[in-house]
1. Cut-off is 10 Å between beta-carbons; in what order do A:Lys77, A:Lys10, A:Lys137, A:Lys159 appear when sorted fewest neighbours first?
2. Quick one: if you stick a label point 7 Å off each Cα along the C-beta vector at A:Ile17 and A:Ser317, how many nm between them?
3. May I ask you to derive the FRET efficiency for B:Ala81 and B:Met36 from their Cβ-Cβ distance with R0 = 45 Å, giving the value to the nearest 0.05?
4. Taking K and R as +1 and D and E as -1, what net charge do the other residues with C-beta under 13 Å from the C-beta of A:Leu27 add up to?
5. For the residues A:Arg225, A:Arg95, A:Arg254, what sequence is obtained by ranking on other C-beta atoms within 10 Å, fewest first?
6. Using 0.36 nm times the number of residues separating A:Gln255 and A:Leu27, minus their current alpha carbon distance, what extension gain do you get?
Amino acid sequence: MDVVRNNIEKIGGKVEIESCAGSGTTLRLRIPLTLAIIPALIVRSRGQNFALPQGMLDELVHLNAEQVKEQIEWLEKVPLYRLRGRLLPLVFLDRLLEQKEDAEVSASRYIAVVNADSRCFGLVVDGLADPEEIVVKPLSPLLKRIGLFAGATVMGDGKTALILDPGAIAIRASVATSREGGEPKAVAAAEKPANSEQEFLLFETGAEQAALPLNDVIRIERIPRASVEHIAQMPVLQFDGALLPIEDSSGMLRQAANDNAQLTVVVCRDGERHVGVAVSDVLDVAKGAALTEAGTAAIANGVTLLKERVTSVMNLSSIPGLPPSPASLTTEIAQ
Amino acid sequence: MMATVEGTIKDCFAVNGSIEVCSVRAGETAFCVPIMQIVEILGTLSPEPVPLAPFFIGGLVHYRGEILTAVSLRNLLEMPASKDVSDMLVFEGPGEYFGVLVDSIGDVITVRPGDFDENPSTMAARGYSREHAS
């Protein structure tokens with residue numbers, strides 16, 4: 001059902017549900033009537049006009065004759081263009097469509113940077129015309145088989161134009177899918193400088209505020225106080241079939257009014273183990289900056305500057321582990 | 001489609017004794033089409049070529065708000081392409097309309113069975129013409 005909603009919203013529609021216990025459920029799918037009208041950019045290749053759907057168009061680059069020679073790089077007969085440091089595979093529309101040579105065409109080119117379902121490439125065309133809202137008309141099955149055209153349209157001046165299918169062009173030109181943001185390895189490395197700008201979960205325990213590195217936070221659970229059990233005075237929680245020691249130096253458990261009172265427990269990772277921290281309130285997520293000690297310029301441990309306030313970062317390793325319990329106690333809890 | 005044309009012609013001859021055909025020209029050759037088959041006749045068109053289309057497709061034509069796929073008779077007969085504007089006959093095929101582009105459209109003439117001769121045997125192999133009227 002989530003897939004249905006995503007797809008309908010992608011085309012500008014809405015899904016509405018009306019449900020009444022005992023009476024039935026009504027699902028309303030609203031699809032805009034103007035589905036068949038799409039904004040497109042008219043591009044020219046060898047004297048012929050084609051419509052390029054604007055939804056997939058990221059940007060346009062103009063290259064004059066000289067730039068065409070210099071900036072389009074050829075690697076083993078494969079054309080590439082360096083767009084702001086990123087290598088963009090190029091597809092020449094006239095070659096793809098096997099159009100005849102036209103002496104009248106100028107040497108300058110336009111590159112339409114297209115992103116079709118995360119296949120990024122540059123479509124090289126001779127010229128650009130106006131953007132137009134075009135009505136998509138289906139092609140006959142014989143022409144659909146060509147695969148590169150999504151349909152045809154009649155433009156404002158009465159002439160017909162074929163609508164290009166960037167996704168099919170990408171597949172035909174063997175453009176691979178790419179992840180957003182380029183090389184993933186670089187992104188992973190960027191996460192390492194942890195202390196300079198790291199995100200923290202800011203929470204309140206009683207009267208004080210403290211922070212935990214957001215990367216270490218797994219879940220925030222709200223549980224009734226009755227769920228917290230004790231082994232040798234130490235509060236523990238059954239979580240995901242395992243035992244979770246609870247850090248409660250602030251005494252949230254004692255403050256809970258009765259067994260049904262809801263407690264907020266932040267489940268986090270501490271090296272190999274998971275621990276829970278009982279808090280009174282989760283306040284915010286914020287970027288914390290490392291603080292240095294005045295004079296020594298050494299990074300101060302255990303504190304961070306969060307929202308202009310010095311906040312102590314909870315040291316999870318200080319939470320005692322589960323006490324080694326006799327076998328009988330463990331089986332009791334397991335039940 | 002050829003079978004139905006033959007059948008229709010025979011029916012018409014049975015009823016009227018003659019049929020009306022529209023003459024068209026592609027290159028030097030004249031052809032005729034029974035006018036019952038024709039939905040509409042359009043003149044002076046420049047079809048939009050479709051890259052990578054099968055060889056017999058002449059292009060796309062804007063027809064009554066729809067986009068019509070047009071077969072080029074010249075291409076079908078493997079004649080060299082012509083840059084002149086074409087006339088077009090609109091036919092109804094299974095499920096959709098399509099057009100046939102010809103160089104020019106001539107008169108409607110009435111023919112009788114006696115006017116028809118058999119195809120020369122050397123032409124039989126081509127398959128797309130059945131009879132030619134003298």
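Please treat every number below as a calculation from the coordinates, not as lab data. Here the structure is a predicted model, which means the values were calculated and not measured. We place every Cβ from the backbone using ideal geometry, glycine too, and count neighbours over all the protein chains shown.
1. A:Lys77, A:Lys10, A:Lys159, A:Lys137
2. My value for the distance between the label points is 4.7 nm.
3. Efficiency at R0 = 45 Å is approximately 0.90.
4. Value of the local net charge: +2.
5. A:Arg254, A:Arg95, A:Arg225
6. The span from A:Gln255 to A:Leu27 would gain 77.4 nm if fully extended.
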